[in-house]
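Data first, discussion second: the structure below is written as structure tokens.
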């Protein structure tokens with residue numbers, strides 16, 4: 001039995017050439033020129049159930065540590081808004097009560113972005129699929145089997161991104177019993193927020209990994225950021241992704257499976273309530289981690305041609321790891 005609400009999502013991307021160096025106090029030196037060295041300072045931890053990492057290259061070690069401490073505080077505040085696992089988060093209160101008054105501006109922004117990508121993907125990305133997670137999780141916990149069609153249909157009646165009302169004073173569900181998950185977009189959103197804060201503080205040449213990846217500038221060695229793309233089982237490399245001033249997100253059903261087969265997992269088709277298994281993995285390269293995160297989820301649900309059309313329209317890179325275990329780059333930027 002593999003389903004567990006506190007399970008850490010498997011990492012599908014690994015950093016190449018940037019060694020993990022421990023806690024925030026761990027530093028090393030990266031040589032940029034003959035006379036100029038930068039300290040590399042890294043924070044590592046867990047954010048929204050996934051391994052997280054922020055690496056800063058800075059000439060002043062103490063200032064870098066203070067910046068990372070400030071970043072962690074901001075990360076914690078955002079997590080307290082969006083987490084399903086914190087009882088007093090704004091998302092948990094919304095799911096419990098069906099509404100939340102005076103939502104935080106970041107909560108409003110993220111719900112509006114969720115609506116945007118639901119429209120773009122014709123509902124393939126839908127944050128109201130939480131009732132499906134609940135019924136699948138209960139069924140596998142109770143008897144190790146998927147829920148019945150009757151149970152799926154009942155949960156599916158509560159899945160409808162159009163039934164969320166969003167304004168500055170109130171976010172509410174239009175149907176009793178609805179609930180939302182932001183796990184398909186919040187990690188990207190938090191990655192962007194932390195990245196933007198670092199940019200405002202004058203930080204360049206930084207890689208932020210908070211469930212998804214965003215590179216600020218290029219690598220301090222003067223090359224693009226380079227990530228090793230793993231297969232969904234996280235057992236082998238299938239290639240590399242290079243990028244500068246961009247973000248990468250990867251989604252796979254095996255990221256959080258309900259059972260050992262991998263056929264039942266956390267990705268749901270909002271139209272039928274079942275797990276899509278058209279391909280094993282989807283990766284998106286975009287200007288923002290928010291967009292990459294949402295689209296990587298949606299592209300596992302959509303037919304490949306529909307995903308390609310969206311990727312071309314938005315000018316994002318898109319690739320899949322198909323059921324024949326082949327890496328296919330569909331669009332590139």
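Some values worked out for this structure:
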{"quantity": "Per-residue Cβ neighbour rank within 10 angstrom, fewest leading, 136, 264", "calculated": "264, 136"}
{"quantity": "FRET efficiency for residue 137 and residue 261, using Cβ-Cβ distance with R0 set to 22 Å, rounded to 0.05", "calculated": "0.85"}
{"quantity": "At R0 = 45 Å, FRET efficiency that the Cβ-Cβ distance of residue 309 and residue 66 yields, to 0.05", "calculated": "0.50"}
{"quantity": "Degrees separating the helix 105-120 axis from the principal Cα axis of the chain, which is the longest one", "calculated": "70"}
{"quantity": "Value of relative contact order over region 90-173, rounded to a whole percent, pairs C-alpha under 8 Å and six or more apart", "calculated": "41"}
{"quantity": "For 293, 306, 192, order by how many other beta-carbon atoms lie within 10 Å, fewest first", "calculated": "306, 192, 293"}
{"quantity": "Nearest-0.05 FRET efficiency for residue 323 and residue 162, computed from C-beta distance (R0 56 Å)", "calculated": "0.95"}
{"quantity": "Dimensionless Rg/Rh of the chain - Kirkwood Rh, Rg from C-alpha atoms", "calculated": "0.97"}
{"quantity": "Longest to shortest principal axis, alpha-carbon extents of region 112-246, angstrom", "calculated": "57, 44, 25"}
{"quantity": "Packing-based exposure ordering (other Cβ within 10 Å, fewest first) of 330, 199", "calculated": "199, 330"}
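Rule-based calculations on the coordinates, nothing more; no lab input. From a predicted model like this one, the values you see are computed outputs, not experimental measurements. Here Cβ is always computed from backbone atoms with ideal geometry, including for glycine, and neighbour counts include all displayed protein chains.
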